[in-house]
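The values are calculated or read from the model by the stated rules, or taken from the named source; none is laboratory data. Computed from a predicted structure; not experimentally measured. Here the Cβ is made from the backbone with ideal geometry for all residues, glycine too, and neighbour counts use every protein chain on show.
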Amino acid sequence: MRSLLLASGLMALACVEEGPVPEGSTEVLTEPLFAVVVRLQGEGGSAVVLLENPLTPTDLDLSNALPLPGNGAVFGHPLEPSTLFVFSGDTGVLTRFRIRGDRTFAADGEMAFTQLQTSLRFFSSNHFTILSSTEAYLFDPVAGELRLWDPDAMVLRGRIVLARDLVPGPLLFPVVGFDQHVVGDELFTTVAFANSIEDVADRTSLVTVTDIKRGELSEIVAINTCGYVRHSWLTAEGDLLFGTDAFSTAVGVASEGQRSGPSCIMAFDPVTKVQRSTPVLAAEQVFDGAPVGNFIFVSDNQAWARVLDPSLLPQAALTTVEITGGPYWRWGFIDGFDDPTWTILDDRPVGTSFADPFDIGDVRYAVENAPNFEGSQLLRLNRDGTLTPGVRTDQTIRGLLPVGVPVP
């Protein structure tokens, strides 16, 4: 398999050209396609594959993939659907690509984020927020800062420190929530600071509020999240819902309840900056009290989650990392938060706790990872409690985004 991937990468190099799309030659892509981002095993690196339909349960063909430097995070431009941005965590360089009508890629500008090299362990395409053709934000997971940059000119405009000075003691790293939300003229980001991997689960998460008109931090609010939050959702009524990360859940299991609080879903009002005093949903209300985390919202009162099956755990003690990456997690669906009903899907294979969502229009997708990340499959998360399987690969799917035409 390794030699096949190397050959695929060499073939794909011929599909990349330097410089802008020549005027009067091949036009930019205008057909609706999907870009699937894959992290490659073995030698490492990543790749982007263009598909007409990602919801076909077939093996992903990497023969015409765009190879990416290092462990790249890929995100699109909401105003320019034929544009892709690729960030290399190994170099801190952001490259802009134009997708041509013949489905090839043209490199069209780059910029370096100084001192922003990272393993991307806590980094994703959702940490980029583009507000206009000249204004965008990137969360820096190394320094705990927001970087303001210009997607058109590809230059850095400024930086905003997120609460680092408010947290006492030496800190190993900040960890940011998976989603950022724009409400009015404010950008909401969740961040937790920690001295160790497991320490993340014990820390209260902070909601940082950035005034995007003035380009400065305006407020910091501490929220009791029953552990570190990962996914969030903006309801029709304007509330932000936050769900506990499965890593926090695994910390509690590994420590036999000595660290990390129980999983929950909390609500936060972005207008008053006040958190609801009681959880919207407590973990003991669902799945017979089994450990649960990584709540992925699909509506204002429905969520998918990763549920730890205690019957699959060995008798020997496991570390947090072994629990999150091992074959112990199943899909669970929650319908209604006030008086919830729930189901666990036993027909899906067990896998890791990791399952980050990707939104295309009003449809939400997620990745199901095999134990130890030895393969993955794309899934559509339906509101009727079913999952629609998509493309699969023996590599790791890291992202999905629409290209070619704007999403309605």
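Before moving on, here are some points about what is shown:
- Every residue from the stretch 84-116 that is within 18 Å of the chain's Cα centre (by Cα) and hydroxyl-bearing (Ser, Thr, Tyr): Ser88
- Yes/no for Phe97 being closer than 16 Å to Phe139 by Cα, of a type in the set (Phe, Trp, Tyr) and in contact with a strand residue (DSSP E or B) (Cβ under 8 Å, 6 or more places away or on another chain): no
- When residues in the stretch 320-355 are screened for being part of a loop (DSSP other than H, G, I, E, B) and within 25 Å of Glu284 (Cβ to Cβ), 15 of them pass.
- Index of the failed condition, Val93 passing every other in (1) under 29 Å from Pro389 (Cα atoms); (2) at pLDDT 80 or above; (3) surrounded by fewer than 19 Cβ atoms within 10 Å (Cβ to Cβ): (1)
- So Phe188, is it at pLDDT 75 or above and not in a loop (DSSP other than H, G, I, E, B): yes
- Tally, over the stretch 283-312, of residues that are surrounded by fewer than 16 Cβ atoms within 10 Å (Cβ to Cβ) and of a type outside the set (S, T, N, Q): 6
- Residue tally, condition assigned to a strand (DSSP E or B) and farther than 12 Å from Leu345 by Cβ, over the stretch 356-387: 14
- Long-range neighbours under 6 Å by Cβ, at least six apart or interchain, first residue touching a residue at least 60 places away in the same chain (Cβ under 8 Å) within the stretch 319-347, second buried (at least 22 other Cβ atoms within 10 Å of the Cβ) and aromatic (Phe, Trp, Tyr): Thr324/Phe247
- Each residue in the stretch 56-90 was checked for being at pLDDT 90 or above, out of contact with any Lys or Arg (no Cβ under 9 Å at 6 or more places or on another chain) and in a loop (DSSP other than H, G, I, E, B), and 2 pass.
- From the options Gly227, Gly238, residue that is surrounded by fewer than 21 Cβ atoms within 10 Å (Cβ to Cβ) and outside any strand (DSSP E or B): Gly238
- If you filter the stretch 248-269 down to residues that are among the aliphatic types (A, V, I, L, M) and assigned to a helix (DSSP H, G or I), you find that the one that is nearest to the chain's Cα centre (by Cα) is Ala250.
- For the stretch 346-375, the tally of residues that are of a type in the set (Gly, Ala, Ser) and under 15 Å from the mean Cα position of the chain (by Cα) stands at 3.
- Complete set of residues in the stretch 348-372 that are among the hydrophobic types (A, V, I, L, M, F, W, C), out of contact with any Ser or Thr (no Cβ under 9 Å at 6 or more places or on another chain) and without any contact (Cβ under 8 Å) to a residue 40 or more places away in the chain: Val363
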